[in-house]
Amino acid sequence: MKIKEIDRTASVAWSPAKLDNIYLAAGTAAQQLDSSFSTNAALELYQLNVNEPGLDVPIKATYNCESRFHKLVWGCHGVGGEKNEFPAGLIVGGCDGGVMQVFNAYKLFQNEDPIVLTKSKHAGPVRALDFNCFRPNLIASGASESEIFIWDLTNPKVPMSPGAKIQPADDVTDLEWNKQVEHILASTFPARCVVWDLRKNEPVIKVSDATSRIRYKCVRWHPEVATQMCLASEDDASPVIQLWDLRYATSPLRVIQGHQRGILGMSWCAQDPELLLTCGKDSRILCWNPNYAHAGYEMVLDIPTSSQWSFDVSFCPKNPIVASSCTFDGRISMYGLSGGAQQPVTSSKLADSFPGMDMSMSHAPLPTQPTTSQQLRDPPKWMKRPSGVSFAFGGRLISFQNVKTPATQAGQPDRITGTVNISQIVTLPEFIDRSKKLEEALQTGSLEFYCSEKARVATDSQEARIWEFLQASFSQNPRQAYVSLLGFNTSEMLTKLQEVVNTGDIDALINNFDELGNDNAQDNLGTLAGYQNGFGGLDIHENIPEFSVPTDDSTDGRINQALLCGNIDLAVYLCLETERWADAFLLASKGSAELMIKAQSKYFQKVKGKSTNMIRAVVRQDLNYLVSNCELDSWKQVLATALTYADETGFQTVAETLGQRLLKSEDDNLVQGALLCFICSGSLNHLVDAWVGGSGKGSSPDELQDLVEQVMILKKAADMWGRDANLSGGSLAGKMIEYASILASQGCLDTALNYLKDSNDPSINALKERLQLSLGYVKPTRQQIAPRSRQTSESSASGLRYKRPSHPSAPVKRGSDLYQQTDFSNLTGPVQPPSAYSSSSGLNSGYGASQYSPAPPSNNPGLLTYAQTNSANSVPSGLPPRPPTTATPGAVPALYNPAGW
């Protein structure tokens, strides 16, 4: 995408990477006129900030010059060091008449006279300039008549010649120093390319292609391979790029076709040898990967431009994701190769023309033709990782390493061997050991022994008491065992009570009833019948004195009157009014059930003894009344009463209610009592709530293990007695997910799945399905992937710019040569990870180690994410690289930061 634009017909040069900011020097281009037909010349400095919206670039300095420029370069000579002679470096321009001017960039920023020196050694226009990357004080210049000079800026009086002039004499179209060997210089002439050795002052080799009509315009050395270079032809009949290797200079290693007319500019990215930019007379800017394995598929990006020719193109040294181009229609454009789209803003020039007016757009602009986002097909080298590591589900550690090995054949790119290692990481060995013991106890059924051992090794009495209650859940009579653990020994209590109570008269009466079963039972039937009807009784041989039956207005008389009239209900009411409770209950036993309930209600209303509430709960089977209104200090007695008298359904409700009351207390002893209530009732969710409480207990792995042990033991007890105990809903499901996740992170996937298999909670099902997928119990759903397509350079050359044929077929290695056996003896748990994946690819030579550090996060998340993913997944040799991702609108390229500024 285009990120910035300058309306100038100029030659440009980027500032060196050593400077803190990014600047662009623009010198008025020679032999060109703009729409104003001005003949003035100027050297201008612009500062680039890709984070600012809009296409405008602020100008920082301007200097009016006498001559226009054919070529402009910006070197780092004098930057830094002890002297720091030129803090912003030197700008050198090649002009007409053989003039070469050197400018001090720092003085240019300070609006001072920036000219350092002016040389007129050449006979014709100076069209070729280049600084030596190893010795920045050396600069090579080339002009007409095959003139090439080497200037030492520390002593520029007399230049040095690399050797005798090339005959026949011709114009020097381009120059470039070798990127690996400091004394090697390449120069291009229309018919040949000459490589010079400055130590010998003579040409090393002359390269030419006699088989085709070639007019060489540009030369660029390979950034990493010292003997390889690219030559570009400006001839419209042969607009090709030739990749040469000087070791085999009889013919080019590769000929790249894509331009439809002659090539005028070329730039090879110093940070990534797989990025080569070219521009030409067909008004196109193309980016190539000259090292790509499949011929005809080298094009990685087609940058949309205007309809005018581009005569120069170059990468930004500090941020190579940005490139500049100069066109003959008077425009300098800067593009971001990571894709995206620039947001429209009002030009500052338009705002200056209408002072005082609000230039903000109140309405959105009308939609125009949609623009296609353009970005590199493959991520650049500085975004690729030579090695990396990442954790995966199941506690597995995935690491990869891409090792570069030199190519065995000349002209072939270096091979990248990628190895992926998968290892199991266990960080909680004690936790895993405890989990295995619990799993073994659950599978073997030795839960009662497990509970006794836990109680024996408990660190405090409260923990031991909990495990004793859990152990009691597996006894033959759990309720009786619970009552005993609460501190009530029923056998001892009954023995003491029998000593206090005189049961002799009652036993004699019972014995008389037993005599009804003897031989004289027939004789006693009449007596028994009379007793049952209220007209007689058993003869206990007691001396009973004579008594009267009053019917006056006294209490006894009124009761007798009611009985004489046969109104037992009225007699009961009279007894209740005078609080003759025994008489009332005896008479109520002869009446209806409703009468008995009324008598009981009146009694409980009037009598307020300490045992009355207990009597009421037992007689009326109203244990909820006892649980809801008792003092919390009496929770043990209340729980024991519920265990004695409540049925199975009602007991769970009563115990949960009592536990909830205890749980709201601030007393730790009462909170522990709530735990025991929930254990007796088998309420798993309430047990978890009581465990966690307000203190957040159960957050660490050890505390979580304690909780799960109690939950699973209680669940097994509930299953044994036929009670419903599902691991679903509430805080229980959350804790089970947390516990299973920790097990999975330690590699125990099977164990984690066993704890979740009995639950149907939706929140648990997600983790359960993931565990099943990881263990291979279920197969993932395969999605159909559309066939991949590529745009070939041949189709571009023939005008089919939007036709994308499929990539050429290539054999793929399969079987044992792709996989290596790896030792996984250090794994813990049932996980069996796959073997290590090893691949060798000649496609992405940029994966090797580099002196450049990774770039900061880009504003284009699609490209960065793809680059990180692509680096960890090498493909076998013969397969084309992965397709590009979709760019994000509004994104701008991130600054390339090799030195950590």
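The values are calculated or read from the model by the stated rules, or taken from the named source; none is laboratory data. Since the structure is predicted, the reported quantities are computational estimates derived from the model, not experimental observations. When we count neighbours, we look across all protein chains shown, and the Cβ atoms used for this are built from the backbone with ideal geometry, even at glycine. All accessible areas refer to the heavy atoms of the entire protein, side chains included, with ligands and DNA or RNA removed. Shrake-Rupley method; radii C 1.70, N 1.55, O 1.52, S 1.80 Å.
Of all the listed residues (Gly659, Gly729), the sole one being on the phi > 0 side of the Ramachandran plot and either open to solvent by less than 40 Å² (accessible area, probe 1.4 Å) or among the polar types (S, T, N, Q) (or both) is Gly729.
In the set (1) of a type outside the set (A, V, I, L, M, F, W, C); (2) open to solvent by 20 Å² or more (accessible area, probe 1.4 Å); (3) not in a strand (DSSP E or B), the condition left unmet by Pro16 is number (2). Total residues in the range 91-113 satisfying the condition of being surrounded by fewer than 21 Cβ atoms within 10 Å (Cβ to Cβ), closer than 20 Å to Gly80 by Cα and of a type in the set (S, T, N, Q): the figure is 1.
Residue under question is Thr305, and the condition is that it be of a type in the set (Val, Ile, Thr), surrounded by fewer than 19 Cβ atoms within 10 Å (Cβ to Cβ) and not in a strand (DSSP E or B); does it hold? For Thr305, the condition - of a type in the set (Val, Ile, Thr), surrounded by fewer than 19 Cβ atoms within 10 Å (Cβ to Cβ) and not in a strand (DSSP E or B) - is not met. The set of residues from the range 212-235 being open to solvent by less than 20 Å² (accessible area, probe 1.4 Å), farther than 17 Å from Val181 by Cα and assigned to a strand (DSSP E or B) comprises Tyr216, Cys218, Leu231, Ala232, Ser233. When the range 742-757 is filtered for residues that are part of a loop (DSSP other than H, G, I, E, B) and either touching a Phe, Trp or Tyr at 6+ places or on another chain (Cβ under 6 Å) or closer than 12 Å to Glu769 by Cα (or both), only Lys757 remains. Gln522 falls short on exactly one of the conditions (1) modelled with pLDDT under 65; (2) open to solvent by less than 50 Å² (accessible area, probe 1.4 Å), and that condition is (2).
Output yes when any residue across the range 114-130 is on the phi > 0 side of the Ramachandran plot and either open to solvent by 10 Å² or more (accessible area, probe 1.4 Å) or under 52 Å from the mean Cα position of the chain (by Cα) (or both), and no when none is.
We begin by selecting, within the range 114-130, every residue on the phi > 0 side of the Ramachandran plot; these are none.
No: zero hits.
Just to be sure before I move on: is Pro53 crowded, with 19+ Cβ neighbours inside 10 Å and assigned to a loop (DSSP other than H, G, I, E, B) in the structure I sent? No: the conditions fail for Pro53. Considering (1) open to solvent by less than 10 Å² (accessible area, probe 1.4 Å); (2) part of a loop (DSSP other than H, G, I, E, B); (3) not charged (D, E, K, R), the lone condition that Ser238 does not fulfil carries the number (1).
If you go through the range 445-476 and pick out every residue that is surrounded by fewer than 13 Cβ atoms within 10 Å (Cβ to Cβ) and touching a Ser or Thr at 6+ places or on another chain (Cβ under 9 Å), you end up with 0.
Would you confirm, using the coordinates I've provided, whether Ala123 is in contact with a strand residue (DSSP E or B) (Cβ under 8 Å, 6 or more places away or on another chain) and either without any contact (Cβ under 8 Å) to a residue 40 or more places away in the chain or in a strand (DSSP E or B) (or both)?
It is false that Ala123 is in contact with a strand residue (DSSP E or B) (Cβ under 8 Å, 6 or more places away or on another chain) and either without any contact (Cβ under 8 Å) to a residue 40 or more places away in the chain or in a strand (DSSP E or B) (or both).
Scanning the range 175-212 for residues that are of a type in the set (Lys, Arg) and at pLDDT 95 or above returns no hits. Consider the range 273-298 and keep the residues that are of a type in the set (A, V, I, L, M, F, W, C) and modelled with pLDDT of 90 or more. The one that is farthest from Leu24 (Cα to Cα) is Trp288.
Condition check ((1) of a type in the set (Lys, Arg); (2) open to solvent by 60 Å² or more (accessible area, probe 1.4 Å); (3) within 30 Å of Ser665 (Cα to Cα); (4) in a loop (DSSP other than H, G, I, E, B)) across all residues:
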| residue | (1), (2), (3), (4) |
| --- | --- |
| Phe547 | no, yes, no, yes |
| Pro550 | no, no, no, yes |
| Tyr573 | no, yes, no, no |
| Ala584 | no, no, no, no |
| Gly591 | no, no, no, yes |
| Phe604 | no, no, yes, no |
| Gln621 | no, yes, yes, yes |
| Trp635 | no, no, yes, no |
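Matching residues to (1) modelled with pLDDT of 95 or more; (2) assigned to a strand (DSSP E or B); (3) in contact with a helix residue (DSSP H, G or I) (Cβ under 8 Å, 6 or more places away or on another chain); (4) of a type in the set (Val, Ile, Thr):
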residue	(1), (2), (3), (4)
Ser67	no, no, yes, no
Val79	no, no, no, yes
Glu82	no, no, no, no
Ala88	no, no, yes, no
Leu117	no, yes, no, no
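On the basis of being crowded, with 22+ Cβ neighbours inside 10 Å and under 24 Å from Val207 (Cβ atoms), does Leu277 make the cut? Yes; evaluated as a whole, the condition is true for this residue.
Only one of the numbered conditions (1) open to solvent by less than 70 Å² (accessible area, probe 1.4 Å); (2) basic (Lys, Arg); (3) under 44 Å from the mean Cα position of the chain (by Cα) is not met by Arg479, and that is (3). The residue pairs whose first member lies in the range 72-92 and is under 15 Å from Arg135 (Cβ atoms), whose second member is among the polar types (S, T, N, Q) and in a loop (DSSP other than H, G, I, E, B), and whose beta carbons are closer than 6 Å, counting only pairs six or more residues apart or on different chains, are His77/Asn137.
In the range 254-283, what residues are assigned to a strand (DSSP E or B) and of a type in the set (A, V, I, L, M, F, W, C)?
Across the range 254-283, the qualifying residues are Val255, Ile256, Ile263, Leu264, Met266, Trp268, Leu276, Leu277, Cys279.
Of the residues making up the range 174-197, those that are within 17 Å of Val73 (Cα to Cα) and either in a strand (DSSP E or B) or touching a residue at least 60 places away in the same chain (Cβ under 8 Å) (or both) are Asp174, Leu175, Glu176, Trp177, Lys179, Leu185, Ala186, Ser187. Annotation note: of Asp724, Asp750, the sole residue that is modelled with pLDDT of 90 or more and open to solvent by 40 Å² or more (accessible area, probe 1.4 Å) is Asp750.
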